[in-house]
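These notes concern the structure reproduced below.
The values are calculated or read from the model by the stated rules, or taken from the named source; none is laboratory data. Note that the structure is predicted; figures quoted are calculated from it, not measured. All accessible areas refer to the heavy atoms of the entire protein, side chains included, with ligands and DNA or RNA removed. Shrake-Rupley method; radii C 1.70, N 1.55, O 1.52, S 1.80 Å.
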Amino acid sequence: GIGMVALELESNADKRKVLDEVKAEVDRIITFPAETEKPIVTLLEPRMQVLDVVIFGDATERTLKLLAEKIRDDLLALDDITYATIGGTRPFEISIEVSERDLQAYELTLNQVTQAVRANSLDLPGGSVKTDAGEILIRTKGQRYTGEEFGRIVVITAPDGTEVTLDRIANIIDGFEDVDSASYLDGQTSAMVQVYRTGEQGVLRVTAAAKEYVDTMKDQMPPGIEISVFNDRSLIYKSRMDLLLKNGIAGLCLVFLCLALTLQFRLALWVSLGIGISFLGAFWALPQFGVSLNMISMFAFIVSLGIVVDDALVVGENIYSWRERGYSPQKAATRGTLEVGLPVTLAVLTTCLAFMPLANVEGMMGKFMYNIPVVVIAILLFSLVESLLILPAHLATLKTIGQQEMDRATGWYGKLKVRIDGSLKAVVEGPYRKTLTFALSHRPIVIAVAIATMVVTVGIVRGGHIKFTFMPKVDADNLVAALTLPQGTTVEDAQKAVDQLEASLEQVRQEWDDRRADGRSVIQHVQTSIGTQPRSAGGGPGAGASTTPVGAHLVEVNAELLKAEKRNAPSPEMARRWRELCGPITGAVSLTFSANLFRGGDAIDVQLASSNTEDLIDAAQELKAELAEFPGVIDISDSFREGKIEMKLGLKPEARTLGLTLADLARQVRRGFYGDEAMRIQRGRDEVKVMVRYPED
């Protein structure tokens with residue numbers, strides 16, 4: 001019952017102008033069917049799901065949904081959270097069920113009941129009256145909001161004053177829409193509040209605010225109901241940040257240690273500080289180019305750690321060598337910098353040019369790639385400025401090193417420096433000098449070896465010995481099984497598939513828990529969704545939209561694992577074992593097991609085209625059977641979906657002689673099976689449908 005058209009804009013397009021133009025064009029369409037709702041045209045703003053707050057326990061769906069609404073409102077009241085939605089529950093609906101027997105007894109039709117509901121539930125302004133005391137507004141106020149209030153609507157008034165209210169002829173249910181959707185956490189009914197990061201909000205601030213709220217609410221929950229955090233995506237962000245800090249600190253210490261043991265302590269200190277200055281300068285420059293500190297930009301920082309040291313190291317070492325020759329600090333700094341200034345500048349600029357093309361990649365991938373060149377180039381340019389302008393000024397202020405002072409070894413530090421310096425000189429004067437002399441005197445041999453090395457390298461790559469992977473697999477802390485059944489599948493059949501998935505997952509848990517000595521289970525929580533696939537659908541720019549398919553044919557089981565460093569078990573291996581133990585599921589259209597942090601698409605995607613649908617289906621089945629014969633090929637599925645079984649109705653010729661039209665038939669059948677939508681009311685943050693229909697029995 002849902003259709004969506006997505007427009008991908010050019011990078012230089014004015015988004016707001018395009019939005020206005022699209023709205024204008026859509027408003028010009030007058031051929032939509034009468035039953036369709038007004039099209040919604042919106043601009044997908046950057047929005048990423050970062051956290052799920054799950055309420056679960058032995059409680060009714062209504063109780064969990066009301067609790068979820070309260071928690072959502074509380075979270076939105078926090079300063080750091082601006083967008084949150086409720087998931088895992090069905091929308092509210094007021095269903096007015098009138099039996100055919102009661103309609104006949106009171107000589108009513110379903111349409112008359114609908115009109116009575118519409119006429120007696122409204123809130124309509126009537127203008128204003130100016131009086132000597134001031135202006136008085138007039139309003140007819142009688143909007144109903146609950147099933148009990150709708151039950152007091154008068155449907156029939158007899159001449160003698162007798163009234164028949166709606167609750168006398170109808171069963172009014174203030175409940176939920178009849179949608180095949182359910183959510184469970186660790187086997188208990190659940191509802192969740194999905195918290196998102198929007199705009200320029202920081203992931204850590206949003207998740208910290210949500211976690212702090214959850215901690216305060218744990219002791220305030222009703223008996224039998226628990227609240228927990230699930231799918232905390234900030235853990236990945238923290239892990240990448242910790243990796244950046246650890247690598248940065250380790251690299252800084254190693255650089256400082258090597259320079260301090262081979263050159264001079266103060267020189268090592270100034271060179272090491274230059275690395276920090278380059279990174280701080282890059283942090284300042286990132287917002288100027290619209291780049292934030294995210295997973296991609298932090299990866300670029302990690303890449304830059306091994307590059308940024310070179311400039312300051314070359315300049316600092318050359319200045320030190322001029323000072324060893326007896327020059328004053330000022331002259332040594334000037335001559336040492338000028339001597340290597342041009343090579344260092346050219347080296348930095350060529351590296352910047354190598355990263356520059358990544359900034360011009362178009363499309364969605366280009367938006368991700370743009371972060372890398374901005375970070376790397378910013379760090380390199382600040383490193384160049386620091387090494388050629390700031391570092392020489394600092395080294396020019398150091399005390400003059402006399403030859404006696406340099407050779408004097410006082411204490412363990414001096415003795416260690418002398419020993420290391422002697423070892424380096426022995427290597428330089430020995431193997432290095434001999435190798436260099438041989439290379440200079442036998443140049444044809446050197447060129448031949450270089451060409452042979454290049455040929456062998458190219459041969460290894462082109463021969464397929466070194467594999468190419470565009471999107472490498474990274475172990476995730478979740479095992480996800482996404483199952484798609486034929487459309488029209490009942491909740492009971494979906495539950496049987498869920499039982500099979502959960503039973504095999506429990507076997508995986510037992511196998512890995514038996515290998516652990518600390519007694520902790522490798523699986524922390526298991527979330528089961530029937531009707532939706534929240535994890536598989538992702539959390540991109542359009543996350544939280546109402547266009548997500550819903551139906552019992554969609555099933556997802558999501559197991560949250562211990563952190564990788566604590567569980568000592570590769571998640572892809574666990575997913576492979578889960579696939580083996582689960583086996584085939586009866587009637588499954590597609591079943592995929594995922595344990596990777598990033599999904600770069602299917603490894604192989606074959607597209608078939610034909611004007612004959614039957615030929616396409618047969619060809620797809622034959623291709624799937626052939627692919628299944630190859631070792632290592634798993635999770636084969638096609639995109640064809642048969643849809644639900646449909647019964648098509650039409651009028652017989654004699655029906656028209658009775659005054660019946662096709663519209664009469666369509667409305668009568670629609671009211672009989674779907675019902676008649678009387679109105680929609682806004683109850684708090686929820687839009688509630690008021691439906692008039694026949695009982696299901």
When 1/r is averaged over all different Cα pairs and the result inverted, which Kirkwood radius in Å belongs to the range 289-361?
14.5 Å
Which value results for Rg/Rh of the range 238-340 when Rg is the Cα radius of gyration and Rh the Kirkwood radius based on the inverse mean 1/r?
1.07
HN-Hα J in Hz across the range 45-51 - Karplus 6.51, -1.76, 1.60, θ = phi - 60°, x for Gly and Pro:
7, x, 8, 10, 6, 10, 6
The Rg/Rh figure for the range 134-234, Cα atoms and Kirkwood Rh, to two decimals is 1.21
Fraction of accessible area attributable to carbon and sulfur, the chain (%, probe 1.4 Å)
57 percent
Surface accessible to a 1.4 Å probe, per residue, for the residues of the chain, Å²
61 Å²
When only C-alpha pairs under 8 Å and at least 6 residues apart count, what is the relative contact order of the chain, in percent?
17 percent
Give the lysines reachable from residue 15 as a straight Cα distance under 18 Å; neighbours fewer than 8 places away on the same chain don't count.
23, 367
Straight-line reach from residue 689: which aspartates and glutamates fall under 16 Å, measuring Cα to Cα and dropping same-chain residues less than 8 apart?
35, 37, 93, 97, 148, 149, 174, 177, 178, 676, 677
Kindly provide the helix-only [θ] at 222 nm of the chain, computed as the sum of -39,500 (n - 2.57) over DSSP H runs of four or more divided by all residues, to the nearest 500 deg cm²/dmol?
-14500 deg cm²/dmol
Would you work out the Kirkwood radius for the range 618-682? I mean one over the mean of 1/r across all pairs of different Cα atoms, in Å.
17.1 Å
